1. Would you work out the charge dipole size for the chain about its Cα centre, treating the Cβ of every Lys and Arg as +1 and the Cβ of every Asp and Glu as -1, and quote it to the nearest 20 debye?
2. For the stretch 100-195, list log₁₀ I(q)/I(0) at each q in 0.12, 0.21 Å⁻¹, using the Debye formula over Cα point scatterers of equal strength and ignoring solvent, two decimals each.
3. State in Å² the accessible area per residue of the stretch 190-274; use a 1.4 Å probe, count heavy atoms of protein chains only, and round to the nearest integer.
4. On average, how much area does the Cα convex hull of the stretch 69-150 cover when viewed from any direction, in nm²?
5. Dimensions of the stretch 286-376 along principal axes (Cα, Å, largest first)?
6. Pick out, from SER286, PHE350, ALA192, the residue whose Cα sits farthest towards the positive end of the charge dipole of the chain, with +1 on the Cβ of Lys and Arg and -1 on the Cβ of Asp and Glu.
7. Give the ranking of THR139, THR151, THR245 by solvent-accessible surface, highest area first, calculated with a 1.4 Å probe.
8. Tally up the carbon and sulfur contribution to the accessible surface of the stretch 278-354 as a whole percent, 1.4 Å probe, everything protein left in place.
Amino acid sequence: MCAQSERTPILVAGAGPTGMAAALALRARGLPVTILEADPEDRDRPGSRAIYVHGSTLRTLQRVHPSLGTDLVDAGLVWPTRRTLWRGDEVFSRTYSTPGGSGDLPHFTSLPQVRTEEFMLEALAERDVEIHWNSTVETVESGAEGVTVTTTNGETHESPYLIGADGGGSAVRAAIGATFDGTQSANAFLIADVDEHPTDPRPPERVFHYDDPAVGGRNVLLVPFQGGWRVDVQCRVSDDPERMTGDDAIADLVGATLGERYADRVTWVSSYEFKQVLADRFVDESRRVLLAGEAAHLFAPFGARGMNSGIADADEAASAIGAAARATTEEVARDEVELCAARREAAAAFNEAAAGQALEHLQGDGFRTNARKRLAAAAADYWEPAGEWLDDAPYGPHDSPPIVSTGNY
Ligand SMILES: Cc1cc2nc3c(=O)[nH]c(=O)nc-3n(C[C@H](O)[C@H](O)[C@H](O)COP(=O)(O)OP(=O)(O)OC[C@H]3O[C@@H](n4cnc5c(N)ncnc54)[C@H](O)[C@@H]3O)c2cc1C
């Protein structure tokens, strides 16, 4: 139900995982699509970032591009063991004989985000999706007939719909007048990527260490991914993250947590204050522009709801636009887009609360939070559920938003 021809490409701003998933999901619904991406084609994307790809995301990707889910699984790692320590002592450990479950696709896989993006780019090429690199979206005007987008390199594009997947600093979000509001973690987190040791690798287990004495009593998370390790250290509020990410300091920290043989194998390091932020609306007045992924929300990474929920946003936006494009009345087309935005706003609020619960468990220094953790650590030796709770809580609840129609996030 639009003025432009049915063959006018739908526009997607941003070729991050959300934008690329949106383009694949639109193609799977028979719609032409063009991506406008600010970066050059030969860009370097930093760090491992979203290593934990949930099973529901694998299923979504497989559905929109058969082979994409299985490609990620073949390139990823399903670690069989989860283990938790409290001040140097193990309080929980469990090894699964079939850690991925028995379905066609596993419950999760672990690989660097940059690898996931490479597979998505290949899939886009197979689907003949045009990507305009060096094309930074500058202005967006939307009305009853569709959207006009201009880019800083002088292009003008017209389209019935636009998906704004242009990340945390989204120009599309600013253009539709949505505001971005929320909180930031009080302390910083250090994140280092470390190459696997070629001759003496560690066992592939995800380890959480509360108050690790080897790093001055800070919390440490070690996550294996295909080819390496992610070391995540929770700084104290009084720590100086810049000093702690210096070459010698990070080598010491990696040596103390993963083992001395890893000290010189760091490939990337950074520090973050994690944000918990939502756009106040995910859609424009004309119901022609939908925000998706980090353009719409930022979550602390515990529970891995960032990229996973961005891909769910993308798939649902494509589904709504597909339905709107087939609608024979303007009102029905508007409703499809509006309902999608309402569902994804509710999902984002749920995901934000879940990530916030994990953050509170890790950062909360109130009497209640600390007492629960100490009691569980004391009880873990003779009551397994106490140790299992300590193992689980850093990632927040496992539940999915109550109203998702595709994916789980
Ligand atoms: C340290 C760290 C660890 C993380 N760990 C996890 C994890 O374990 N699991 C998880 O699910 N998530 C994790 N995340 C989050 C995950 O990396 C992000 O959620 C994900 O990259 C968001 O994807 P996106 O496509 O929405 O945004 P982005 O990846 O930011 O992509 C946005 C794209 O838009 C482009 N762009 C920007 N502005 C414009 C413009 N004006 N015009 C055109 N293009 C534009 C950018 O160049 C970029 O290519 C982590 C993040 C960090 C930083």
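The values are calculated or read from the model by the stated rules, or taken from the named source; none is laboratory data. Quick caveat, the model's predicted, so the values are computed rather than measured. A quick note on method: Cβ atoms are made from the backbone with ideal geometry, for glycine too, and the neighbour counts reach across all protein chains shown. For accessibility, only protein heavy atoms count, side chains too; no ligands or nucleic acids. Shrake-Rupley method; radii C 1.70, N 1.55, O 1.52, S 1.80 Å.
1. Values: 36 positive and 63 negative charges, 208 e Å.
In debye, rounded to 20, the chain gives about 1000.
2. Computed log10 I(q)/I(0) values: -0.69, -1.15.
3. Working: 3700 Å² over 85 residues.
For the stretch 190-274, the per-residue accessible area is 44 Å².
4. Value for the stretch 69-150: 11.0 nm².
5. 61, 19, 19
6. Checked the options; the winner is PHE350.
7. Ranking THR139, THR151, THR245 by accessible area, largest first, yields THR139, THR245, THR151.
8. Reported share for carbon and sulfur atoms: 52 percent.
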